[in-house]
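Engineer: First, the structure itself, so that you have it in front of you.
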Amino acid sequence: MPQQTTAGTLYIVSTPIGNLEDITLRAIRILKEVTTIAAEDTRQTGKLLAHYQIKTPMTSYHDFNKEEKTPVFIHRLQEGASFALVSDAGTPTLSDPGYYLIKTALSMGIPVSPLPGPAAAIAALSVSGLPTDRFIFEGFLARKKGKRDKQLEALKDDPRTLIFYESPYRIVSLLEAIHTLYGPERHIVIARELTKVFEEIIRGTVLEVLQGLKEKKFRGEATILVEGHQPLKKTRKKMAEGERFR
Ligand code: SAM
């Protein structure tokens with residue numbers, strides 16, 4: 001009679017977004033204990049593993065090989081192997097690969113367990129000074145201007161804090177679109193190079209921030225937060241101006 005095996009666990013492990021010290025003790029232990037680490041970029045994850053003397057074998061897992069690799073991982077998980085999925089930085093699946101693997105694993109009854117930790121969106125929100133009670137994470141907007149502007153237009157009247165990821169090369173263009181579509185008064189925050197040596201948090205109206213950015217070349221990774229629509233703000237401002245001129 002064939003021996004019954006218990007499926008291994010697929011661990012979804014958050015890793016640092018810059019500072020290598022931002023990793024949990026449990027994440028280090030699980031990365032040491034699993035059979036295999038599935039990494040978005042094995043060279044990038046290799047630096048983290050070397051830092052913590054983790055010798056677990058790695059294999060690559062990204063959007064381009066997910067259809068080929070997923071069945072292989074699932075088969076091994078069903079045989080009892082355990083996997084840790086990591087991305088280059090932060091939490092896997094947040095604008096990073098992983099969704100397809102997790103969905104497939106769940107459909108096969110394989111346990112999926114999170115190891116929470118850094119995510120640029122949450123780190124940026126926590127220091128933004130913008131309301132954190134309700135927010136929307138939009139990840140990367142479309143690259144094409146027309147489609148991106150339509151996405152921005154759809155969010156214009158949303159009262160929740162908006163969070164975007166963006167490439168440093170498109171930040172100024174994104175801010176210009178926000179300025180045009182939302183007006184110059186919207187408060188925004190740019191959280192740049194969080195947890196790294198050149199960490200910088202820029203706060204102000206979109207007009208102020210744009211003026212500051214145009215004077216220098218924008219470098220580094222950044223998360224952009226936009227204050228939600230505040231319908232009463234304009235009315236209050238107009239009332240205050242009215243009072244001043246009375
Ligand atoms: N999975 C990651 C997470 O949990 O945050 C995000 C991966 S996504 C491919 C990369 C984007 O996240 C960058 O383009 C930038 O917008 C944001 N990001 C990553 N690291 C950052 C950092 N140290 N400071 C600010 N934003 C960062």
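Engineer: What number of residues within region 134-144 are surrounded by 13 or more Cβ atoms within 10 Å (Cβ to Cβ) and more than 16 Å from the ligand (Cβ to nearest atom)?
Structural biologist: 0
Engineer: Moving on. Could you give me the residue pairs with C-beta distances under 9 Å whose first residue belongs to region 119-136 and is at negative phi and free of Cβ contacts under 8 Å to residues at least 24 places away in the same chain, whose second residue is more than 14 Å from the ligand (Cβ to nearest atom) and open to solvent by less than 70 Å² (accessible area, probe 1.4 Å) wherever it lies, and which are 6+ apart or on separate chains?
Structural biologist: Here the result reads Asp133/Thr161, each pair linking region 119-136 to a residue that is more than 14 Å from the ligand (Cβ to nearest atom) and open to solvent by less than 70 Å² (accessible area, probe 1.4 Å).
Matching residues to (1) in the same structural domain as Val34 (by TED's automatic domain parsing); (2) away from the ligand (no atom under 16 Å from the Cβ); (3) open to solvent by less than 10 Å² (accessible area, probe 1.4 Å):
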{"residue": "Glu67", "(1), (2), (3)": "yes, yes, no"}
{"residue": "Ser87", "(1), (2), (3)": "yes, no, yes"}
{"residue": "Thr91", "(1), (2), (3)": "yes, no, no"}
{"residue": "Ile110", "(1), (2), (3)": "yes, yes, yes"}
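Engineer: With more than 15 Å from the ligand (Cβ to nearest atom), open to solvent by 20 Å² or more (accessible area, probe 1.4 Å), farther than 21 Å from Pro231 by Cα and touching a residue at least 24 places away in the same chain (Cβ under 8 Å) as the only criterion, which of Glu176, Glu153 stands out?
Structural biologist: Glu176
Engineer: Count, please, the residues in region 190-208 that happen to be β-branched (Val, Ile, Thr), surrounded by 14 or more Cβ atoms within 10 Å (Cβ to Cβ) and within 15 Å of the ligand (Cβ to nearest atom).
Structural biologist: Result for region 190-208: 4.
Engineer: Working only within region 174-193, note down all residues that are outside any helix (DSSP H, G or I), more than 22 Å from Asp133 (Cα to Cα) and not basic (Lys, Arg).
Structural biologist: Residues satisfying the conditions are Gly183, Pro184, Glu193.
Engineer: May I pose another question? So if I check each of Ala121, Ala81, which one is of a type in the set (A, V, I, L, M), closer than 21 Å to Met58 by Cα, open to solvent by less than 40 Å² (accessible area, probe 1.4 Å) and not in a strand (DSSP E or B)? Step through it out loud before you land on a result.
Structural biologist: Details: Ala121 fails: closer than 21 Å to Met58 by Cα.
From the options Ala121, Ala81, the qualifying one is Ala81.
Engineer: For the structure I just gave you, tell me whether Thr132 is under 30 Å from Arg192 (Cα atoms), outside any loop (DSSP other than H, G, I, E, B) and β-branched (Val, Ile, Thr).
Structural biologist: Judged against the criteria, Thr132 is not a match.
Engineer: Right, something else. Among the residues of region 12-30 satisfying the criterion of being among the polar types (S, T, N, Q) and open to solvent by 40 Å² or more (accessible area, probe 1.4 Å), which is farthest from Ala81 (Cα to Cα)?
Structural biologist: Asn19
Engineer: Within the group His187, His229, which residue is more than 16 Å from the ligand (Cβ to nearest atom), modelled with pLDDT of 95 or more and surrounded by 18 or more Cβ atoms within 10 Å (Cβ to Cβ)?
Structural biologist: The conditions single out His187.
Engineer: Right, here's the next one. Out of Arg219, Arg244, Arg236, I need the residue that is open to solvent by 70 Å² or more (accessible area, probe 1.4 Å), modelled with pLDDT under 95, at negative phi and under 19 Å from the mean Cα position of the chain (by Cα). Which one?
Structural biologist: Result of the check over Arg219, Arg244, Arg236: Arg219.
Engineer: Of the residues Ile163, Ile201, Ile171, which single one is outside any loop (DSSP other than H, G, I, E, B) and closer than 18 Å to Gly228 by Cβ?
Structural biologist: Going through Ile163, Ile201, Ile171 in turn, just one is outside any loop (DSSP other than H, G, I, E, B) and closer than 18 Å to Gly228 by Cβ: Ile163.
Engineer: Look at region 31-47 and say how many of its residues are within 23 Å of the chain's Cα centre (by Cα) and open to solvent by 10 Å² or more (accessible area, probe 1.4 Å).
Structural biologist: Looking only at that region, the number is 7.
The values are calculated or read from the model by the stated rules, or taken from the named source; none is laboratory data. All of these numbers come straight from a predicted model, not from anything done at the bench. Every residue, glycine among them, receives a Cβ derived from its backbone with ideal geometry; neighbour counts consider all protein chains shown. Accessible surface is based on the protein model in full, side chains and every heavy atom, while ligands, DNA and RNA are left aside. Shrake-Rupley method; radii C 1.70, N 1.55, O 1.52, S 1.80 Å.
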